[in-house]
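Only one structure is covered here, and it is reproduced in the block below.
The values are calculated or read from the model by the stated rules, or taken from the named source; none is laboratory data. From a predicted model like this one, the values you see are computed outputs, not experimental measurements. Note: ideal-geometry Cβ built from the backbone for every residue, glycine included; neighbour counts use all protein chains shown.
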Amino acid sequence: LYILLQTVLIFFFGSTHFVLINQQFNFMLSVGAMVLFALLLYHFLFGKGNRPIYFLLLVGIIVGTFFGSISTFLQVLIDPNEFLRVQDKMFASFNNINGDLVWWAFAILVLTLIIGWRYINELDVLSLGRDTAINLGVSYQTVVKVMLILSAVLIAVSTALVGPITFFGLIVANLSYQFFNTFKHSILIAGAALMSVVALVGGQWIVERVFSFSTTLSVIINFVGGIYFIYLLLKESRSS
């Protein structure tokens, strides 16, 4: 959705338009559009009953492929000079981040964490299962929807700030579950954040020292994440 939005803006307005030159406005527009789409998606998927998370992933893959096809079609029609601007948005970059946007993202991050931390104990109970959580007095639907919304906000902010990285969240979340053998989400979330920092710093070091900036960090993360995703699928198939 982020790449489609940037492609549509450049296709209809050009790279010199105010919406694209003003990075603060572009940042807030991108975050707002992604969060709004996530809210609509969650409403239509979960508003009429309980659906498994796998259904959400399937819909995400289908919608992502659809958006990617539209983006590719528009990119073919764009002027080659304009396409270079789109290409900059297609890959995550940690070297050309606007310092002003970091403070905007930091403020949203702090606010989101404050809201999410109020539900940290409920998350521990949710890991016991839906029926058990409801029997223990947890408002299951409310907590799940709040967590999905907060996740959408965090993903939108990070994507608008540095660009899209597909498998990064999958990697750090599952590694946190494997390394920190606990049910307490306060430890799991802190561990995932720590692993995120290590992965980004380590990956950036590899990009600079090993590949001499001949590739981008997002390419390395997507490559490693794709292999790790296949490993998880094979692991689940053996256990079942």
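I'd like the full set of residues that are in contact (Cβ under 8 Å) with a residue 12 or more places away in the chain and of a type outside the set (D, E, K, R), limited to the stretch 84-104.
Val86, Met90, Phe91, Ala92, Ser93, Phe94, Ile97, Asn98, Leu101, Val102, Trp104
Restricting attention to the stretch 92-101 and to residues that are surrounded by 12 or more Cβ atoms within 10 Å (Cβ to Cβ) and either polar (S, T, N, Q) or at pLDDT 75 or above (or both), the residue that is farthest from the chain's Cα centre (by Cα) turns out to be Asn98.
Checked against (1) of a type in the set (Val, Ile, Thr); (2) without any contact (Cβ under 8 Å) to a residue 12 or more places away in the chain; (3) more than 29 Å from Ile220 (Cα to Cα), Val125 meets all criteria but (2). Is there a residue in the stretch 105-119 that is modelled with pLDDT under 85 and either surrounded by 13 or more Cβ atoms within 10 Å (Cβ to Cβ) or more than 14 Å from the chain's Cα centre (by Cα) (or both)? Scanning the stretch 105-119, I find no residue that is modelled with pLDDT under 85 and either surrounded by 13 or more Cβ atoms within 10 Å (Cβ to Cβ) or more than 14 Å from the chain's Cα centre (by Cα) (or both), so the answer is no. Identify, please: which residue in the stretch 194-203 is under 18 Å from Pro164 (Cα atoms) and surrounded by fewer than 15 Cβ atoms within 10 Å (Cβ to Cβ) and is, among those, farthest from the chain's Cα centre (by Cα)? For the stretch 194-203, the residue satisfying everything is Val201. Taking the conditions (1) without any contact (Cβ under 8 Å) to a residue 24 or more places away in the chain; (2) surrounded by 18 or more Cβ atoms within 10 Å (Cβ to Cβ); (3) of a type in the set (A, V, I, L, M, F, W, C) in turn, Ile165 satisfies each one other than (1). Within the stretch 207-231, can you find the residues that are assigned to a helix (DSSP H, G or I) and either surrounded by fewer than 13 Cβ atoms within 10 Å (Cβ to Cβ) or among the polar types (S, T, N, Q) (or both)? Residues satisfying the conditions are Glu208, Arg209, Val210, Ser218, Asn222, Phe223, Ile227, Ile230, Tyr231. Looking at the stretch 177-192 only, could you name the residues that are touching a residue at least 12 places away in the same chain (Cβ under 8 Å) and under 19 Å from Tyr228 (Cβ atoms)? Answer for the stretch 177-192, where residues must be touching a residue at least 12 places away in the same chain (Cβ under 8 Å) and under 19 Å from Tyr228 (Cβ atoms): Phe179, Leu188, Gly191, Ala192. Considering the stretch 53-91, and only residues there that are outside any helix (DSSP H, G or I) and over 16 Å from the mean Cα position of the chain (by Cα), the residue that is surrounded by the fewest Cβ atoms within 10 Å (Cβ to Cβ) turns out to be Asp79. Of Ser151, Ser186, all but one fail to be surrounded by fewer than 20 Cβ atoms within 10 Å (Cβ to Cβ), part of a helix (DSSP H, G or I) and over 17 Å from the mean Cα position of the chain (by Cα); the exception is Ser186.
Between residues in the stretch 136-154 that are closer than 17 Å to Trp117 by Cβ and residues that are at pLDDT 85 or above and in a loop (DSSP other than H, G, I, E, B), which pairs lie under 8 Å by C-beta distance while being six or more apart or on different chains? Between residues of the stretch 136-154 that are closer than 17 Å to Trp117 by Cβ and residues that are at pLDDT 85 or above and in a loop (DSSP other than H, G, I, E, B), the close pairs are Val143/Tyr119; Val146/Tyr119; Met147/Tyr119.
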